[in-house]
Amino acid sequence: MKRDLLEITDLSSPECLALLQRAVELKSVRRHGGYAHVLQGRTLAMVFEKASTRTRVSFDVAMHQLGGHALMMAARDIQIGRGESIQDTARVLSRYVDGIMLRTFEHGTIVDLARHATVPVINGLTDLAHPCQVLADLQTCLENFGDVTPLHVAWIGDGNNMANSWINAARVLGFSLTLACPPGYDPHAPTLDEALAWNPAIRVVRDPAEAARGAHVINTDVWASMGQEAEQAEREIAFAGFQVNEDLMAQAAPNAIFLHCLPAHRGEEVTAGVIDGPQSRVFDQAENRLHIQKAILEWLMGGRRLV
């Protein structure tokens, strides 16, 4: 039976931990030798309805390093951009390629794609979830702390797709997570409610300092994501006081790290002193997109067992 990665909850806890460990191993391989071309002759279709830097480059390079080929398609350049149904697109692409990565707006689009595709489907980002990014973030945590399960993670800002995927990760792995969000910008309520049934150590608060206090990881994102640019001025007012700055970082554990999925707006959601400072791991985090995606591709398209 085929597997897909649409949300982190598609993984069990042992599978998630094994995937993270495999990504660490693949990172070491890159620095000390070559890769086995486990995806020789395999092709990944990459379909983009949203702009991308890290997702596009990391999946493309990952496929190349594993011996396969990545085919980049902007939605406007294929028939889906002219009204072809997602069901027909899924069926057609499944006849040509060995896997599909989609970066889109509505989460229902990727759910429909996975339902009708006969090859594995990977979520490169939807408005609901960004699992590949948070898995790369968890790899970064693993590298810094040796274990992710005892950590306390703080999310500061918008309850967006990143926040939702951190909630899913806390549900699967059981770590403590506190999200500080302004009123009206909470995470997806069903995602939060379902996670709380598995892990009661997930909280939403209004005070960023409360979330940051004693945290091992301080996390944020832009205040207005793609498609929300018209709300920028309104959001700047709502998010006043939610900037990650030196004072907020001082509330965290002494060995805390700062994460941001990028792109970042210095002077808005984070100060330059934090994102470019000694506690920042944002470029390790960005690099780890490559390694976690190699682990995902090995698993879904190369037949590698996780557990």
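Computed from the coordinates by the stated procedures, all read-outs in this text should not be read as laboratory data. These numbers were taken from a predicted model, which means no experiment stands behind them. Don't worry about glycine lacking a Cβ; one is built from the backbone with ideal geometry, like all the others, and counts go over all protein chains shown.
Observations
- Residue order, fewest to most surrounding Cβ atoms within 10 angstrom, among R54, R213: R213, R54
- Unit charges on C-beta of K, R, D, E only; dipole of the range 155-307, Debye: 740
- Relative contact order [Cα under 8 Å, 6+ residues apart], the range 133-285, whole percent: 24
- What the Cα atoms of the range 133-285 give is an Rg and a Dmax of 14.1, 41 Å.
- Residues W198, W299, W166, W223, arranged from fewest to most other Cβ atoms within 10 angstrom of their Cβ, appear as W198, W299, W223, W166.
- Cα→Cβ-extended label distance, 7 Å offset, between E106 and E231, nm: 1.8
- Ordering A212, M46, H265 by Cα displacement along the dipole of the chain toward the positive end leaves M46 in first place; charges were set at the Cβ atoms of Lys, Arg (+1) and Asp, Glu (-1).
- With K and R counted +1 and D and E -1, the other residues having a Cβ less than 11 Å from that of D10 yield a net charge of -2.
- Separation between Cα centres of the range 93-109 and the range 41-81, rounded to whole Å: 10
- Dipole size of the chain about its Cα centre, with +1 on Lys/Arg Cβ and -1 on Asp/Glu Cβ: approximately 1260 debye, rounded to the nearest 20.
- Alpha-carbon radius of gyration plus Dmax, which is the widest Cα pair, for the chain in Å: 18.8, 55
- Straight-distance crosslink candidates among lysines, where the alpha carbon sits under 22 Å from K27 and sequence neighbours closer than 8 are dropped: K294
- Debye-sum result for the range 1-129 in log10 I(q)/I(0), which assumes one identical scatterer on each alpha carbon, at q = 0.12, 0.17, 0.19, 0.23 Å⁻¹: -0.48, -0.95, -1.17, -1.54
- Charge context of F59, other residues only, Cβ under 11 angstrom, K/R +1, D/E -1: +4
- Amide N of the range 138-171 lying under 19 Å from the label point, which is placed 7 angstrom from the Cα of V29 along Cα→Cβ: 139-140, 143
- Charge dipole (Cα centre; +1 on Lys/Arg Cβ, -1 on Asp/Glu Cβ; no other charges) of the range 163-239 amounts to roughly 360 debye.
- Using alpha-carbon coordinates, inclination of helix 54-65 to the longest axis of the chain, degrees: 50
- Placed amide H near G99: partners under 5 Å, 5+ positions off or other chain: T43, A45
- Dipole axis of the chain (+1 Lys, Arg; -1 Asp, Glu on Cβ), positive-most option in L102, V244, P254: L102
- Farthest toward positive dipole pole in the chain [+1 Lys/Arg, -1 Asp/Glu at C-beta], among V222, M63, W198: M63
- C-alpha center-to-center spacing [the range 244-270, the range 111-189] in angstrom: 18
- Neighbourhood charge, 12 Å Cβ-Cβ cut-off, centred on L135 and excluding it, Lys, Arg +1 and Asp, Glu -1: -1
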